[in-house]
Amino acid sequence: MSELTRKTVNYTVACVNEFARRKQIHPRTAFFYLYQYQGLKFLEEFYEVEHTLSIEDALDDLENICHQNGGRLQ
């Protein structure tokens, strides 16, 4: 596994866990929600920018992306 892949995976796991904490849902539920509404794809595609932001900004971005793609999690 390349260093970039390892960092991307670690960052994605952290974002999923923090998203779950923010929304007060199980991490597995958060993972499937982010997968279904393109949040994980967004994190992978824009890792280089997203990982430089605060985790709060990254979570806000995930919420916006998922909402734009039909997600309705409050």
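For this structure, a couple of remarks:
- Selection count where residues are open to solvent by 40 Å² or more (accessible area, probe 1.4 Å) and within 12 Å of the chain's Cα centre (by Cα), scope the stretch 23-49: 11
- Selection from the stretch 24-38 of residues that are assigned to a helix (DSSP H, G or I) and in contact (Cβ under 8 Å) with a residue 12 or more places away in the chain: Ala30, Phe31, Tyr33, Leu34, Gln36
- So Asp61, is it among the charged types (D, E, K, R) and crowded, with 18+ Cβ neighbours inside 10 Å: yes
- Residue that is assigned to a helix (DSSP H, G or I) and of a type in the set (Lys, Arg), where the choices are Arg21, Arg72: Arg21
- Subset of the stretch 1-16 that is exposed (fewer than 12 other Cβ atoms within 10 Å of the Cβ) and part of a helix (DSSP H, G or I) - its residue that is modelled with the lowest pLDDT: Leu4
- Every test in (1) within 14 Å of Gly71 (Cβ to Cβ); (2) open to solvent by 60 Å² or more (accessible area, probe 1.4 Å) is passed by Phe19 save one, and that test is (2).
- Among the residues of the stretch 65-74, not one is under 14 Å from Cys15 (Cα atoms) and open to solvent by 70 Å² or more (accessible area, probe 1.4 Å).
- The stretch 43-65, residues that are more than 12 Å from Phe19 (Cα to Cα), part of a helix (DSSP H, G or I) and touching a residue at least 12 places away in the same chain (Cβ under 8 Å): Leu43, Glu44, Tyr47, Glu50, Ile65
The values are calculated or read from the model by the stated rules, or taken from the named source; none is laboratory data. In this text the structure is predicted, and so the values were computed from the model without any measurement. Cβ atoms come from the backbone with ideal geometry, glycine included; neighbour counts cover every protein chain shown. Surface areas here come from the heavy atoms of the whole protein model, side chains and all, with no ligands, DNA or RNA. Shrake-Rupley method; radii C 1.70, N 1.55, O 1.52, S 1.80 Å.
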